[in-house]
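This report concerns only the one structure given below.
The values are calculated or read from the model by the stated rules, or taken from the named source; none is laboratory data. Since the model is a prediction, treat every value here as computed from it, not as a measurement. Because the Cβ atoms are built from the backbone with ideal geometry, glycine has one as well, and the counts that use them run over all protein chains shown. Just so you know, the surface numbers come from the protein's heavy atoms only, side chains and all, with ligands and any DNA or RNA stripped out. Shrake-Rupley method; radii C 1.70, N 1.55, O 1.52, S 1.80 Å.
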Amino acid sequence: MDSIIVTGNGPLSGQISIAGAKNACLTLMPATLLSEEPLTLTNAPRLSDIATMSELLGSLGAEVTQLQDGKVLAMSSHDLNNHTADYDIVRKMRASILVLGPMLARDGHAIVSLPGGCAIGARPVDLHLRALEALGAELELKDGYVHAKAPGGLKGGTIDFPLVSVGATENALMAATLAKGTTVINNAAREPEIVDLAECLQKMGAQIEGEGTSTITIQGVDRLNGATHPVVTDRIELGTYMLAPAFCGGEVELLGGRMSLVGAFCEKLDEAGIDVTETDHGLSVRRRHDHIKAINVTTEPFPGFPTDLQAQMMALLCAAEGVSVLEETIFENRFMHAPELMRMGAQIDVQGGTATVTGVKQLKGAPVMATDLRASVSLILAGLAAEGETKVSRVYHLDRGYEHVVRKLSGVGANIERIHNS
Ligand code: EPZ
């Protein structure tokens, strides 16, 4: 398994280009199942999760052709010859559950393995299933698989989500586009990835209103056409790299960044003493003084502070002046980066969903282990500003969500390299 070695190397300067959003691409790809016409995605990120989704769609009979070194995904699901998403693929990536709604909507039947939990929590899919039942689906759980049927096709209905779920909103939205009649989704997720999916579906001929708000209304249509759609910029990659100059000093411009994608995050950066300015090509970030001020953070569904940036912000606050409190309200076990940061000298007290961080003057490089995608990158950020060398192992977690991280960070002056262990 590969490792990444980072050595603190002073202020950073230059530009980092931000890729298309992993979490948008992972829901845009299953949308190809809704139409027999080709769907082409541009600005796609080159990530292992995208390869896994391509493998899953291929196992169903869809074709996914990577063009321009993977930045373009030309997809066609004209001949679906298999309606079962196997456990072997689904267990590798929970977003596989997003083929359920489209397959059911298009052909009236689907069998999808339950994804199982992951490092950050149990992550059930009950809200996905209840949403599809509200559209008339008949579901049966057998041998770890969801057997879904909609013999006469799905019918429009009202879906009331008791809590905000990004994936369940996406499954419901895609399924509703081909349901007979009107569907209303209440307490829908408002993430930019939902808006991006809706815009792609509208290009395919779907009738959708209210995307980006808590209530989405869909008028079902008989069929959807093909389309070409650019994947929205990855707001989590954007926020992650915004923290690099905040940690190390200097100034970095994030190409493709937009304030509207990271509103709540920028408010917290401002509180911590970090300036973010919009440029012609993106966002430029520099810290106001040579220290960061302690702040309090609570993760919330969009437009609140994103849970996917909690680990990265915690790493920054380990070197802030004062005591910060981070509340993780979305997932039940998303502080696994804390013990690894403590190996670097951080002072963190975790009590349930609350982490209290007492800033230290200087983090110290150390061997640390990545436990999940966002934890892995928080350790690299910490290593950028630590004294001495930090070796992050199990970086396969990183490859799921960050393309060319070594190239992007060394391009702005970081001392970082990847070593291939046997
Ligand atoms: C999406 O996961 C993202 N993944 C996650 O990003 C992100 O952290 C999460 O949304 C929250 O923003 C993708 O888009 C592929 P949820 P998702 O359904 O859809 C509970 C990353 O690092 N819940 O919004 O799985 C759930 O347990 C990943 O890129 C149910 O109880 O998240 C959680 O506590 C990590 N029942 C809360 O809702 C359900 O049926 C929010 O989960 C579904 C979810």
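Rank these by accessible area, largest first, 1.4 Å probe: Ser13, Ser393.
Final ranking, largest accessible area leading: Ser13, Ser393.
Measure out, as a whole number of angstrom, how far apart the alpha-carbon centroids of region 104-154 and region 239-263 sit.
38 Å
Compute the separation of the alpha-carbon centres of region 1-30 and region 359-379 and state it in Å as a whole number.
Using only Cα atoms, the two centres lie 16 Å from each other.
Using the crude model of +1 on Lys and Arg Cβ and -1 on Asp and Glu Cβ, and no other charge, please compute the dipole size for the chain relative to its Cα centre, in debye to 20.
500 debye
Just name one of Gly157, Thr42, His229: the one whose Cα is farthest towards the positive end of the charge dipole of region 22-230 (beta-carbon charges, Lys/Arg +1, Asp/Glu -1).
Gly157
Compute the accessible area per residue over region 48-191, keeping the other protein chains in place, probe 1.4 Å, unit Å².
Accessible area per residue: 39 Å².
In whole percent, what relative contact order does region 22-230 give with Cα contacts below 8 Å and a gap of six or more residues?
21 percent
Amide H to amide H under 5 Å from Thr40: which residues, 5+ apart in sequence or cross-chain, H placed 1.01 Å off N in plane?
For Thr40, the qualifying residues are Met75, Ala227, Thr228, His229.
On the accessible surface of region 144-230, probed at 1.4 Å, how many percent belong to carbon and sulfur atoms?
Of the solvent-accessible surface of region 144-230, carbon and sulfur hold 50 percent.
Label region 22-230 by shape, choosing from rounded, prolate and oblate, from the square roots a ≥ b ≥ c of the eigenvalues of the Cα gyration tensor; if a/c is under 1.5 it is rounded, and otherwise prolate applies when a/b is larger than b/c, oblate when it is not.
The shape class here is rounded.
Counting each DSSP H run of 4 or more residues in the chain as -39500 (n - 2.57), what helix-only mean residue ellipticity at 222 nm follows after dividing by all residues, to the nearest 500 deg cm²/dmol?
Taking each H run of at least 4 residues, the total per residue is -8000 deg cm²/dmol.
For Glu36, tell me the accessible area in Å² from a 1.4 Å probe, rounded to the nearest 10.
100 Å²
Roughly how many Å² is the accessible area per residue of region 290-422, as a whole number, for a 1.4 Å probe?
Result: 40 Å² per residue.
Using the structure shown, list the pairs from Lys293/Lys361; Lys268/Lys293; Lys364/Lys391; Lys92/Lys149; Lys149/Lys180 with a Cα-Cα distance above 20 Å, or answer none.
As for pairs spanning more than 20 Å Cα to Cα, those are Lys92/Lys149.
By accessible area of protein heavy atoms, probe 1.4 Å, what ranking do Tyr241, Tyr145 get, highest first?
These residues rank, largest area first, as Tyr145, Tyr241.
In terms of solvent-accessible area of protein heavy atoms at a 1.4 angstrom probe, what is the ranking of Ile111, Ile16, highest value first?
Ranked from most to least accessible, the order is Ile111, Ile16.
Taking N as the number of residues in the chain, what is its alpha-carbon radius of gyration divided by 2.2 N^0.38 Å?
Cα-based Rg divided by the globular estimate yields 0.98.
Rounded to the nearest 10 Å², what accessible area does Glu170 show when all protein chains are kept and the probe is 1.4 Å?
Result for Glu170: roughly 10 Å² accessible.
Counting only protein heavy atoms and a 1.4 Å probe, tell me what percentage of region 1-97's accessible area is made up of carbon and sulfur.
Carbon plus sulfur share of accessible area: 44 percent.
May I ask for the angle, rounded to the nearest 10°, between helix 48-59 and the longest principal axis of the chain, with both axes built from Cα atoms and the value confined to 0 to 90°?
With rounding to tens, the tilt is 10 degrees.
Nearest-5 percent of antiparallel DSSP beta bridges in region 22-230?
The antiparallel proportion sits near 75 percent.
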